[in-house]
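**Student:** Structure below; questions to follow.
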Amino acid sequence: MSTSPRTAVAALTTEDAELLVGVAKSAAEAAGATVSVTVLDAGGHLLAFRRDDRAVLISGETSIRKAYTALQLNAPTADLVDAVRPGGPFHTLPTALDRPLLFIAGGLPVHRDGRLVGAIGVGGGAPDLDHALAATALDALV
C-alpha cells in the first residue's frame, strides 16, 4: 500500500505571532478600540500576547479563550455562536471540557498551505470588531 508523502508545513513562529499582534494592535488603534490579542501555536501554546493599557482586564482572558476555541474546533468563533445555543449541535460543549471554550466572535484559526498552524484571538471590543481585527491581522500574514 503506498501513501503519498506529506509536505512539511512551516510552523507558526514567534515572528509570525508578533506580526499578527502588531497588525491587530494598529487596526484597533485606528478603530479607537482597546483590546487584548493572543496568538497560539498548533499545540495551543502561547506565542504572543498583548493587552492595551486601557483594555478591560477580562479582555485578556477572552482573547485567550477565543484563540483556543478557534484552534480546537478549527473554525472562526463567529461561525460557532449558533451551534452552542439551546438546540444547537454543540449546546453542551462549553461545559463538557476542562478547558473553557468561548463562543463569541474574535477567534480565528491560522492556516498555512491548508494546514492548521495556530490561532489568533482578539477580545475587548464588540464581537464584530474583535473578529474584524483578527481577520485584518490574519490577512497580513503571508
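No value in this document is a laboratory result; all are computed from the given coordinates. Since we're looking at a predicted model, the values are computed, not measured. Glycine also receives a Cβ, built like all others from the backbone with ideal geometry; neighbour counts cover every protein chain displayed.
**Student:** Exactly one condition in (1) in contact with a helix residue (DSSP H, G or I) (Cβ under 7 Å, 6 or more places away or on another chain); (2) not in a loop (DSSP other than H, G, I, E, B) is false for residue 22; which is it?
**Tutor:** (1)
**Student:** Related question: Looking at (1) out of contact with any Pro (no Cβ under 8 Å at 6 or more places or on another chain); (2) under 27 Å from residue 24 (Cα atoms), which is the one condition that is false for residue 70?
**Tutor:** It is condition (1) that residue 70 fails.
**Student:** Filter the stretch 50-72 down to the residues that are closer than 14 Å to residue 120 by Cβ and of a type in the set (A, V, I, L, M), then identify the one that is surrounded by the most Cβ atoms within 10 Å (Cβ to Cβ).
**Tutor:** 67
**Student:** Could you tell me whether residue 87 is touching a Lys or Arg at 6+ places or on another chain (Cβ under 8 Å) and either surrounded by fewer than 16 Cβ atoms within 10 Å (Cβ to Cβ) or part of a strand (DSSP E or B) (or both)?
**Tutor:** On the way: touching a Lys or Arg at 6+ places or on another chain (Cβ under 8 Å): no; either surrounded by fewer than 16 Cβ atoms within 10 Å (Cβ to Cβ) or part of a strand (DSSP E or B) (or both): yes.
Spelling it out, it is not the case that residue 87 is touching a Lys or Arg at 6+ places or on another chain (Cβ under 8 Å) and either surrounded by fewer than 16 Cβ atoms within 10 Å (Cβ to Cβ) or part of a strand (DSSP E or B) (or both).
**Student:** Looking at the stretch 115-138, which of its residues are free of Cβ contacts under 8 Å to residues at least 60 places away in the same chain and surrounded by fewer than 22 Cβ atoms within 10 Å (Cβ to Cβ)?
**Tutor:** If we filter the stretch 115-138 for residues that are free of Cβ contacts under 8 Å to residues at least 60 places away in the same chain, which is where we start, we get 126-128, 131, 135.
Within the stretch 115-138, 126, 127, 128, 135 meet the criteria.
**Student:** Output the number of the condition that residue 80 fails; it satisfies all remaining conditions of (1) within 21 Å of residue 23 (Cβ to Cβ); (2) buried (at least 18 other Cβ atoms within 10 Å of the Cβ).
**Tutor:** Unmet for residue 80, out of (1) within 21 Å of residue 23 (Cβ to Cβ); (2) buried (at least 18 other Cβ atoms within 10 Å of the Cβ): (1).
**Student:** Also: Just checking, does the stretch 82-102 include any residue being closer than 17 Å to residue 35 by Cα, in contact (Cβ under 8 Å) with a residue 12 or more places away in the chain and either of a type outside the set (D, E, K, R) or out of contact with any Cys (no Cβ under 8 Å at 6 or more places or on another chain) (or both)?
**Tutor:** From the stretch 82-102, those closer than 17 Å to residue 35 by Cα are 102; that's our starting set.
Next cut, in contact (Cβ under 8 Å) with a residue 12 or more places away in the chain only: 102.
Then drop every residue that is not either of a type outside the set (D, E, K, R) or out of contact with any Cys (no Cβ under 8 Å at 6 or more places or on another chain) (or both), which leaves 102.
Yes; the residues of the stretch 82-102 include at least one that is closer than 17 Å to residue 35 by Cα, in contact (Cβ under 8 Å) with a residue 12 or more places away in the chain and either of a type outside the set (D, E, K, R) or out of contact with any Cys (no Cβ under 8 Å at 6 or more places or on another chain) (or both).
**Student:** Here's something else I'd like to know. Test of understanding: among 108, 101, 40, 47, which residue is crowded, with 16+ Cβ neighbours inside 10 Å and part of a loop (DSSP other than H, G, I, E, B)?
**Tutor:** On the way: 108 fails: part of a loop (DSSP other than H, G, I, E, B); 40 fails: part of a loop (DSSP other than H, G, I, E, B); 47 fails: part of a loop (DSSP other than H, G, I, E, B).
Going through 108, 101, 40, 47 in turn, the sole match is 101.
**Student:** I'd like to know if the stretch 62-71 contains one or more residues that are farther than 19 Å from residue 129 by Cβ and under 15 Å from the mean Cα position of the chain (by Cα). Quick ask: steps written out before the conclusion?
**Tutor:** First, pick out the residues of the stretch 62-71 that are farther than 19 Å from residue 129 by Cβ: 68, 71.
In the following step, the residues that additionally are under 15 Å from the mean Cα position of the chain (by Cα) were identified as 68, 71.
Checked against the condition, which is being farther than 19 Å from residue 129 by Cβ and under 15 Å from the mean Cα position of the chain (by Cα), the stretch 62-71 yields at least one hit.
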